[in-house]
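Comments concern the structure below.
The values are calculated or read from the model by the stated rules, or taken from the named source; none is laboratory data. All of these numbers come straight from a predicted model, not from anything done at the bench. Every residue, glycine among them, receives a Cβ derived from its backbone with ideal geometry; neighbour counts consider all protein chains shown. All accessible areas refer to the heavy atoms of the entire protein, side chains included, with ligands and DNA or RNA removed. Shrake-Rupley method; radii C 1.70, N 1.55, O 1.52, S 1.80 Å.
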Amino acid sequence: MRQEYLVQGMTCASCARNIEASLRRMPEIESAKVNFVTNRATLIIKEGLGSIEATLIAVRKTAKDIGYEFIEIKSGQSPISAEISDRADPIDLREAYDQSEEDKNLRIRMIVAGNFDHSTFFIGNGFGSFCS
């Protein structure tokens, strides 16, 4: 059985490797792949080794024990709606949406500012050498 999770708490690619290693040690897990960029974990769970529900609970507990939170993504569900359905409080949901929008806007501003900073640096240095 294939199961996908949204992973919260990863800060680097090493986090993804640590999660994969921890999950692969579980006897119920056939394979585990964690993608830092998309914040997703894809697991192939061995069938016939016990209750699937118990395995899913054990997976979330393993993630929590090493400092990460797994939010189950049901088949056909987007990661954003998975995060939304996992939250109980609608105010938290709005804050999460606002935070993700703010993060996106901040990234765009940083890219634009970086480009202007480089341009200003090169123009300033170029004019300085021509005027001397």
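Side notes on the structure shown:
- Matching residues in region 1-32 - criterion: being modelled with pLDDT of 90 or more, open to solvent by 20 Å² or more (accessible area, probe 1.4 Å) and aliphatic (A, V, I, L, M): ALA21
- Residue within region 6-23 that is among the charged types (D, E, K, R) and part of a helix (DSSP H, G or I) present: yes
- ILE57 fulfils the conditions (1) surrounded by fewer than 16 Cβ atoms within 10 Å (Cβ to Cβ); (2) at pLDDT 80 or above; (3) in contact with a helix residue (DSSP H, G or I) (Cβ under 7 Å, 6 or more places away or on another chain) except for a single criterion, (3).
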